[in-house]
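Here is the structure we will look at, set down as structure tokens.
Here, each number is a calculation from the coordinates, and none is a lab measurement. Not measured: the values here are computed from a predicted model. Positions of Cβ are generated from backbone atoms using ideal geometry, with glycine treated the same way; all protein chains shown enter the neighbour counts.
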Amino acid sequence: MQNKTNSAVQLKHLPTGLVVKFQGQRSRDYNRKEARRILADKLEAMEKGDESRMALKVQEKARKKASKTKKAKRKYKALAKAKEETKETEMDVQIPESTKSGND
């Protein structure tokens, strides 16, 4: 078994008591930097609420997902309609059984 370094970081914002724990990489410097970024995002979300960058990103992502879903529904609805129309035209064009056999 090889020795592994414990590089987890825990930051606490003393005025609010907000705690962030992070362990993404082996590098403690990288983990500390990411934990600070996360802590800053959380503080901004607490301060600004729905106006924060994080909340705006979430809203934008939800809007895009809804648009994508709506587009997919339209696509499959159009495909189903086209399939139904082709079935109707095939039924209109079918040749009666008595004319298929030829000379009787």
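Observations on the model:
- For the pair Glu51 and Met91, the difference between a 0.36 nm per residue extended length and the Cα-Cα distance amounts to 8.6 nm.
- 0 to 90° range, to nearest 10: angle between helix 28-48 axis and the chain longest Cα axis: 80 degrees
- Here is the list for the range 1-88: trypsin sites (Lys or Arg not before Pro) lying in DSSP coil, each with at most 12 other C-beta atoms within 10 angstrom of its C-beta, are Lys4, Arg26.
- Set of aspartates and glutamates with alpha-carbon distance to Lys81 below 18 Å, sequence-local pairs under 8 removed: Glu90, Asp92
- Helical mean residue ellipticity (222 nm; -39500 (n - 2.57) per DSSP H run of 4+; nearest 500) of the chain: -22000 deg cm²/dmol
- Within the chain: Cβ-based charge dipole about Cα centre, in debye rounded to nearest 20 (Lys, Arg +1; Asp, Glu -1): 1020 debye
- Virtual paramagnetic centre 7 Å along Cα→Cβ of Arg74, amide N under 15 Å, in the range 41-67: 64-67
- To the nearest ten degrees, helix 53-93 and the longest principal axis of the Cα atoms of the chain are 10 degrees apart.
- The range 27-80, Rg to Rh (Cα coordinates; Rh as Kirkwood inverse mean 1/r): 1.31
- The chain pair-distance distribution - Cα-Cα, 5 Å bins, rounded %: 2, 10, 9, 9, 9, 8, 7, 6, 6, 5, 5, 4, 4, 4, 3, 3, 3, 2, 1, 0
- Sum of side-chain charges, Ser27 neighbourhood, beta-carbon under 12 Å (Lys, Arg +1; Asp, Glu -1): +2
- Cβ-defined net charge surrounding Asp41, 12 Å radius [Lys, Arg +1; Asp, Glu -1]: +3
- FRET efficiency for the His13 to Val58 pair, using the beta carbon distance and R₀ = 22 Å, is estimated at 0.55.
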